[in-house]
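Remarks on the structure that follows.
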Amino acid sequence: MGFNSFKRALWAYHLNTGSCNGCDIEILATLTPRYDVERFGIVLVGSPRHADVLLVTGPVVRQMASRVKRVYEQVPDPKMVIVVGNCGIEGGVFHESYNLVGPVDQIIPVDVYVPGCPPRPEAIIEAVVKAWVKLEKAEQGVR
């Protein structure tokens, strides 16, 4: 399934739940002219209410747990959640911190994982495409 087969743009909202910002920088790198994901219709939006995908970076720190749930609830259905980086997947370098309430999938459901510290922009783009395919199937009622 190529990029041209999608019927619409994919809007993503980025949420940092307590990371070191390495993954955030790599997400922004996907928007640079080298990768230019906007040419495929992938756009970062400023509100979760306008998003199709929630890009989450970092482990969930205690103060962010309720906020992560609230942001997740604000993304309209059908929605996809992508966790970017080892910290959001299993805690990464912060895994024994007293202030963590767990990886992202212990707080909200996750659809796609992007391992790495930080993951390469190509891996992030591949994960967004996987989420896009899942979202298209969800909209068509296919599992």
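Just for region 30-43: of the residues that are surrounded by 16 or more Cβ atoms within 10 Å (Cβ to Cβ) and out of contact with any Asp or Glu (no Cβ under 9 Å at 6 or more places or on another chain), which one is farthest from residue 67 (Cα to Cα)?
40
All but one of (1) exposed (fewer than 14 other Cβ atoms within 10 Å of the Cβ); (2) in contact (Cβ under 8 Å) with a residue 40 or more places away in the chain; (3) within 14 Å of the chain's Cα centre (by Cα) hold for residue 104; state the number of the condition that does not hold.
The number of the failed condition is (1).
If you check residue 113 against the conditions, is it of a type in the set (Ser, Thr, Tyr) and surrounded by 17 or more Cβ atoms within 10 Å (Cβ to Cβ)?
yes
Kindly evaluate residue 21 against the criterion of being at positive phi, more than 11 Å from the chain's Cα centre (by Cα) and among the polar types (S, T, N, Q).
Working: at positive phi: yes; more than 11 Å from the chain's Cα centre (by Cα): yes; among the polar types (S, T, N, Q): yes.
The answer is yes for residue 21.
Which of the residues that make up region 65-88 are over 21 Å from residue 50 (Cα atoms) and buried (at least 19 other Cβ atoms within 10 Å of the Cβ)?
85, 86, 87, 88
Just need a number here: residues in region 31-63 that are in a helix (DSSP H, G or I) and either out of contact with any helix residue (DSSP H, G or I) (no Cβ under 8 Å at 6 or more places or on another chain) or of a type in the set (A, V, I, L, M, F, W, C) (or both).
7
Which of the residues spanning region 4-60 are modelled with pLDDT under 90, among the polar types (S, T, N, Q) and closer than 19 Å to residue 122 by Cα?
Within region 4-60, 4 is the sole residue that qualifies.
Take residue 78 and decide whether it is under 15 Å from the mean Cα position of the chain (by Cα) and closer than 26 Å to residue 141 by Cα.
Against the criterion (under 15 Å from the mean Cα position of the chain (by Cα) and closer than 26 Å to residue 141 by Cα), residue 78 qualifies.
Would you say residue 98 is of a type outside the set (Asp, Glu), surrounded by 14 or more Cβ atoms within 10 Å (Cβ to Cβ) and either out of contact with any Phe, Trp or Tyr (no Cβ under 9 Å at 6 or more places or on another chain) or over 18 Å from residue 24 (Cα atoms) (or both)? Give the derivation first.
Working: of a type outside the set (Asp, Glu): yes; surrounded by 14 or more Cβ atoms within 10 Å (Cβ to Cβ): no; either out of contact with any Phe, Trp or Tyr (no Cβ under 9 Å at 6 or more places or on another chain) or over 18 Å from residue 24 (Cα atoms) (or both): yes.
Answer is no for this residue.
The values are calculated or read from the model by the stated rules, or taken from the named source; none is laboratory data. Since this is a predicted model, take the numbers as computed values, not measurements. Please note: Cβ atoms are built from the backbone with ideal geometry, for glycine as well, and neighbour counts cover all protein chains shown.
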